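Each remark here refers to the structure printed beneath this line.
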Amino acid sequence: MSDQPRLRSARSHKLSTIARHGRLKHSNPVVTVVKFLAAAMAVVLVSGVSVAAIATLDVASSVQPGVHLANETNGPVPQIGAITGGVNLLIVGSDSRKGQDPAFGPEDSTGDLNDVTMLLHISQDHTNASVISFPRDMFVPIPACPDPSGGTFNSMSRQKINTTLTYGGLACTVLTVEKLTGLTIPFAAEVQFSGVMAMSTAVGGVPVCVAEEIQDEYTGTFLKPGMHTLEGVAALQFLRTRHGVGDGSDLTRINNQQVFMSALVRTIKSASTLSDPLKVYSLAKAVTANMKLSDSLNNVSVIASIAVALKDIDLNQVVFVQVPTGGTTGGVLPLQPDFKDLFTAVAADKALKLGGTTGRGATLDPSSTATPTPAATTDASATPAPTASAGATPAPTPTDATTLSQSATGQTAGELTCSVGRTLNNQ
């Protein structure tokens, strides 16, 4: 869908006027690592206390009906403790307005497209993890998918990956990514607008750095250089912005999302979050109440076991990477052999080392080599941040790590990065 003209009435700045493709879709990367740490800590931190039973029951009662994946089999529910072996979990951000606040528009104003598709991989030995982003406009083959209403959708040789929710829901997106990557994905989760807002609020806001001014009238995001602590609608719109960052493409929007996600992971793993049972409980409730989970994941104990596997992984060993792509008419295609090499390494359970840059939508912040103290402000004016170009201290990497090609952009959770914005004059 093409962008609407910039010239519009004041009403156009409201959330209700945001269109599906021209206006930046919702972006839900915030659910990446938080969903697991959240539920696990809710159990671990309050265990042995009388509040534990109440908290666990309340979180469990907020779990929604699960989604059965095509290749899913029922197995024993793990006990509290790290899950055995590695994990592949697909996180899908839907742009559906169904069940969302009316401010986002009527329920039938958009289709059900997966605007964000990310794969979380945890290594067998729980020493490293990767979060791999697939651009929404990437053309891929879609296999025959079960129709939730009965029957089967026909396979397609080439469609954009963000149509898979429409052709068969979460189970179809999982089947598509499995065929594309050659991996088996036993866990999946779908999140909408409300989930992003709830989780960013649960941790007390996420501190993000802006290197160059962001101006986006489509999402109402206007941020000057500096640190900004974002939560609720402000966090959601920051993740959705495309026109206001990088070159305005979905690829640089992913770079911007990785800035937010790395900051979110640092916030979750900070002492101020993990030592606060109320924050941890709020995270667990935000996850279960605002996400549609596969049957395999639709259990507080399972979520907790995955969280325990994640919680002790060093920040420098949590890698955010965007899959290698090349341009084509109307979108992008997987760039070979780089794309295949990435997933060969994941299948072999190798730690990943980025060979490329942060991408054009983000930049390393040379002024910090340690996690900064969050700035308690959501105001658009803040202490200016440097226009970073140099890198921070390189992260230590396992000796058997696979170095990806330069076409795979991204960062680690331990790297402090800033969003590279652009103003209205450059759009």
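Quick note: the coordinates plus some simple rules give every number you see, no bench work behind them. Predicted, not measured: the structure shown is a model, and the values here were computed from it. Backbone-built Cβ (ideal geometry, glycine too); neighbour counts: all protein chains shown.
In order along the range 294-303, the phi-based Karplus estimate (6.51 cos²θ - 1.76 cosθ + 1.60, θ = phi - 60°) of 3J(HN,Hα) comes to 5, 3, 5, 10, 7, 7, 4, 5, 5, 4 Hz; Gly and Pro are listed as x. Under 5 Å from the amide H of residue 212 lie the amide H atoms of 421, each residue being 5 or more positions distant or on a separate chain, with H modelled from the backbone and absent for Pro and chain starts. Applying 0.36 nm per residue to the separation of residue 405 and residue 166 and subtracting their alpha-carbon distance, the gain on full extension is 82.8 nm. Phi angles of the range 233-238 translate, via the Karplus equation with coefficients 6.51, -1.76, 1.60 and θ = phi - 60°, into HN-Hα couplings of 4, 4, 5, 4, 5, 4 Hz per residue; Gly and Pro are given as x.
With N counted as the residues of the range 144-293, its alpha-carbon radius of gyration over 2.2 N^0.38 Å works out to 1.21. Taken one residue at a time, the phi angles of the range 339-346 give Karplus couplings (6.51, -1.76, 1.60, θ = phi - 60°) of 4, 5, 4, 4, 7, 5, 5, 5 Hz. Gly and Pro are set to x.
A cut-off of 5 Å between modelled amide H atoms, ignoring neighbours fewer than 5 places along the same chain, links residue 113 with 95, 96. Between residue 230 and 206, 208, the built amide H atoms are under 5 Å apart, and every one of these is 5 or more places off in sequence or on another chain.
Take 296-309, 323-336, 408-421 and order them by the average number of nearby Cβ atoms within 10 Å per residue, most first; the result is 408-421, 296-309, 323-336.
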